[in-house]
Amino acid sequence: MSTATLAVNTGTFDYLCNFVREKSAIVLEPSKAYLVESRLNPVARDNGLSSLDELVAALKKPGSRELSRQVIDAMTTNESSFFRDLQPFEALKTVIIPELMEKRAKERTLNIWSNACSSGQEVYSIAMLLRESFPALGGWKVRLVASDLSTAILKKAQEGIFNQTEVNRGLPMPMLLKYFTKSGLQWQIKEDVRKSIEFREVNLIESWPPTLPTMDIVFLRNVLIYFSPETKTTILNKVHRMLRPDGCLFLGGAETTMNLDTKFLRSAVGKTTCYRPG
């Protein structure tokens, strides 16, 4: 069987684009044909298929659920780093968390959701920030939820194992030494931090688990850029319904609710922006 990358024909590309969009709402433009080939040819080979045409034929057969999952996992972009863009985390530390702690002083609960958490750097950054800056939360009921569409990347996130390049990206050395254990060439975040986080498989365009609590803070960063305007609006309105009235939503630096039919109000917090329920 040849392992050379095979050019994808129009019919096969169109089917795969529609398949990925139906399952994940990710929009693949014609210019992304190279991405489809580079990510899905290995999936085809791993399943004993010699081409993307054969992959499509296999996806059309009954009982292709596991193959479908592999395709969606492969087409999901998983880019992350610790304390990415920094300013949202500074806003949490200096403004958002102190405000919420004052407002929630009687009930002593705090719920934070990291959507599209990828390999976990974002939610682990939040967990370490809470420990470093707000030790009083140790006596609170704090729920940190991290979710992603990809089961493979969720498994990596839950294991909390990172290579040297990954920990070098944004993680301060004192936090690395305090919260991680070195094993050979890799670093694993300590068990108590890992166990403080609920990892959930959530597809943003499908029904969300009814067991998710109402949230105080939602991170939905650098994921809306892959969706159509209609899908963005749908997702944002679902987030709006899950946020408490005084909660906040963080989007990626290149993302906004502007020109979308949502009820969020833009709010400047320090050197960054968050979105409040309107």
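General observations
- Looking across Lys23, Lys106, one residue alone is farther than 30 Å from Pro172 by Cα, within 17 Å of the chain's Cα centre (by Cα) and charged (D, E, K, R). It is Lys23.
- For the residues Leu260, Leu224, Leu243, Leu236, the requirement of being touching a helix residue (DSSP H, G or I) at 6+ places or on another chain (Cβ under 6 Å) and more than 24 Å from Lys155 (Cα to Cα) singles out Leu260.
- Scanning region 134-157 for residues that are of a type in the set (Lys, Arg) and either assigned to a helix (DSSP H, G or I) or surrounded by 16 or more Cβ atoms within 10 Å (Cβ to Cβ) (or both) turns up Arg143, Lys155, Lys156.
- Per-region count, region 78-106, residues of a type in the set (Ser, Thr, Tyr) and assigned by TED's automatic domain parsing to the domain that holds Met175: 1
- Top-ranked residue of region 182-203 - restricted to ones that are of a type outside the set (Val, Ile, Thr) and part of a loop (DSSP other than H, G, I, E, B), ranked as farthest from the chain's Cα centre (by Cα): Gly184
- Qualifying residues in region 158-167 (those that are part of a helix (DSSP H, G or I) and touching a Phe, Trp or Tyr at 6+ places or on another chain (Cβ under 9 Å)) - the one farthest from Thr109 (Cα to Cα): Gln164
For every residue, the table says whether it meets (1) touching a Gly at 6+ places or on another chain (Cβ under 6 Å); (2) closer than 25 Å to Pro245 by Cα; (3) among the hydrophobic types (A, V, I, L, M, F, W, C); (4) assigned by TED's automatic domain parsing to the domain that holds Arg65.
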{"position": "Asn111", "(1), (2), (3), (4)": "no, yes, no, no"}
{"position": "Ser114", "(1), (2), (3), (4)": "no, yes, no, no"}
{"position": "Leu137", "(1), (2), (3), (4)": "no, yes, yes, no"}
{"position": "Ala146", "(1), (2), (3), (4)": "no, yes, yes, no"}
{"position": "Ala157", "(1), (2), (3), (4)": "yes, no, yes, no"}
{"position": "Lys182", "(1), (2), (3), (4)": "no, no, no, no"}
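- Residues of region 98-130 that turn out to be among the hydrophobic types (A, V, I, L, M, F, W, C) and in a loop (DSSP other than H, G, I, E, B), as a count: 3
- Filter result (surrounded by 14 or more Cβ atoms within 10 Å (Cβ to Cβ) and not in a helix (DSSP H, G or I)) within region 48-68: Leu49, Ser50, Ser51, Ser64
- Residues in region 69-90 that are in a helix (DSSP H, G or I) and either at pLDDT 85 or above or not acidic (Asp, Glu) (or both): Arg69, Gln70, Val71, Ile72, Ala74, Met75, Gln87, Pro88, Phe89, Glu90.
- For Ala58, the test of being modelled with pLDDT of 80 or more and within 25 Å of Ala116 (Cβ to Cβ) is failed.
- Residues in region 204-234 that are closer than 18 Å to Leu260 by Cα, of a type outside the set (S, T, N, Q) and free of Cβ contacts under 8 Å to residues at least 60 places away in the same chain: Leu224, Ile225, Pro229, Glu230, Lys232.
- Where Ser183 falls short, out of the listed (1) modelled with pLDDT under 95; (2) of a type in the set (Ser, Thr, Tyr); (3) crowded, with 20+ Cβ neighbours inside 10 Å: (3)
- Selection status of Phe180, in contact (Cβ under 8 Å) with a residue 12 or more places away in the chain, hydrophobic (A, V, I, L, M, F, W, C) and over 19 Å from Ile72 (Cα atoms): yes
- The lone exception for Ala74 - which of (1) among the small types (Gly, Ala, Ser); (2) in contact (Cβ under 8 Å) with a residue 24 or more places away in the chain; (3) surrounded by fewer than 15 Cβ atoms within 10 Å (Cβ to Cβ) it fails: (3)
The values are calculated or read from the model by the stated rules, or taken from the named source; none is laboratory data. In this text the structure is predicted, and so the values were computed from the model without any measurement. Every residue, glycine among them, receives a Cβ derived from its backbone with ideal geometry; neighbour counts consider all protein chains shown.
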